[in-house]
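In what follows, a structure is listed as structure tokens, so that the remarks can point back to it.
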Amino acid sequence: MGFPKGRRRIVLVVAALLVTAAVGATVYRVLAPAEVSTVAQAAYPAAPQPPVGVIGRLPAAPLIVDGRLRVYAAHRQVYADRPVDFRHRTTPYWSYRRWPAELVGVVASGTTVVSRWSDGRLVALDARTGAVAWRADGPRPTEQPNARRTGAAIVWSPPGLYLTRVADGRDVVVATGSGAARGVALADGRELWRTDLTSGCRTDVGTTPTGRLVGVDACSGPAAVEFRDAATGAVTGRWRPPGAGDELVVTPVGCRTGRSECPALRTAGPGDAAGRGWLLGPGDPLAAPALNGRDVELAGDQAVTVVNGVLVGRSARTGEELWRRPDLGSGRVIAVQPGRVHLLTDARDLVTIDPATGAERSRFTLTVGQDGTGYVPGAAYAADGYLVVERLREPVDPDADDQGYFLTSEPLVLAAT
């Protein structure tokens, strides 16, 4: 005995509506904007003191935070592992994921990790726990970093995301993009200022250690370096190098990390491959010929470069030669950090030098296990006494996929110097 025909139709319609509602609810749960925060379950680790030498290899580029954690970038996730001196990547200590936004930048200062997302959202995390400290709106980024699978471009030099410290001692996060710039307090995410920027005729350079955002503005005439107060967003000055033409390329020099807190810059025009160096202060930049040349690095007050196979240190202000090391072998400076200059020789020995004296701090072969030394160094990052270097296949093919571009599936070598 079955349902009458009319009642059967009603049952079928109701069943169809229930199925549709269930599918809709499932689709919403899967596709709706969401965030997942997985906080730390273990105690915050102590800062280790590893012995000098190679520690291990990693598949993703780490940002060293507070000398205790390694923070990584994934497509829609920022996460940390520990201990910082472990030879492999480990189970996440904490993790923060957003959907459907994509992660485009990460910076850190002290125990605060600030992530930037493709919808412009800024999310700060407490590195000690992974808990969300604050959220703030920012301009949508106009540049998507080519992070490849290591994520190095997101954590080591994120475009449009900078840190600096202003005159009253506050740390400020500056985000630029999509015709706007915004400054927020690192401590609590409070918006300090916002301003419109003309798109297409202005490029970011970075920030200075003294609270200024630096850009190149060509919107109303020949390109000029523009300085903006990171505490208020107000333009405080414009400057053009003597003899500069209509085109101007400006590169930050000596940055604490990425393009943040950079005490110098290098300017170049068409046909000027070497560029001219300038020290940044409260007024106009000061000429620093010791920083002329693309391969010159600034470590503290010293300009360091390889000249005819010899590592030379000079005063950045006066150009006076302070020391030279002809005994290290041919190579190039791949990274600097406070108190350390890292030279990678052609034989793939990593030599770490005190930039003030030229004294050798450490020396060892930069390789892991049986990987060998037949690689080309790619991006490098140094902080808190550690150095991380990408290893690329030789010859380097920038158009190759990740398997053909990187040396191995764990292409990053981590060392304590």
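Bear in mind these aren't lab numbers, they're just calculated from the coordinates by the rules spelled out. A quick note: this is a predicted structure, and the numbers were derived from the prediction, not measured. In this analysis, Cβ positions are derived from the backbone assuming ideal geometry, glycine residues included, and neighbour counts consider all displayed protein chains.
Data overview
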read-out	value
Point-charge dipole on Cβ atoms (K/R +1, D/E -1) for the chain, about Cα centre, debye to 20	1780 debye
Along each principal axis, Cα extent of the chain, largest first, Å	103, 57, 42
Dimensionless Rg/Rh of segment 331-417 - Kirkwood Rh, Rg from C-alpha atoms	0.99
Charge dipole of the chain about the Cα centre (unit charges at C-beta), most positive-ward option of Ala415, Pro338, Ala61	Ala61
Computed [θ] at 222 nm, helices only, for the chain once each DSSP H run of length n ≥ 4 contributes -39500 (n - 2.57)	-2500 deg cm²/dmol
Which of Gly151, Pro139, Thr38, positive extreme of dipole for the chain (C-beta unit charges)	Thr38
Residue-by-residue Karplus 3J(HN,Hα) for segment 241-249, coefficients 6.51, -1.76, 1.60, Hz, glycine and proline x	x, x, x, 5, x, 5, 9, 8, 10
Dipole in debye (nearest 20) - segment 268-417, about Cα centre, beta carbon charges: Lys, Arg +1; Asp, Glu -1	480 debye
Cut-off under 5 Å, modelled amide H: who pairs with Arg121 long-range	Gly138
Rounded to whole Hz, the Karplus (6.51, -1.76, 1.60) HN-Hα couplings of segment 350-358, x for glycine and proline	9, 10, 10, 10, 6, x, 6, 10, x
Förster radius 22 Å - calculated FRET efficiency between Leu286 and Glu247 (Cβ-Cβ, nearest 0.05)	0.45
With Cα atoms, 0 to 90° folded angle of helix 5-31 axis to the chain main axis	10 degrees
Span per principal axis, largest first, for the Cα atoms of segment 115-197 (Å)	38, 36, 22
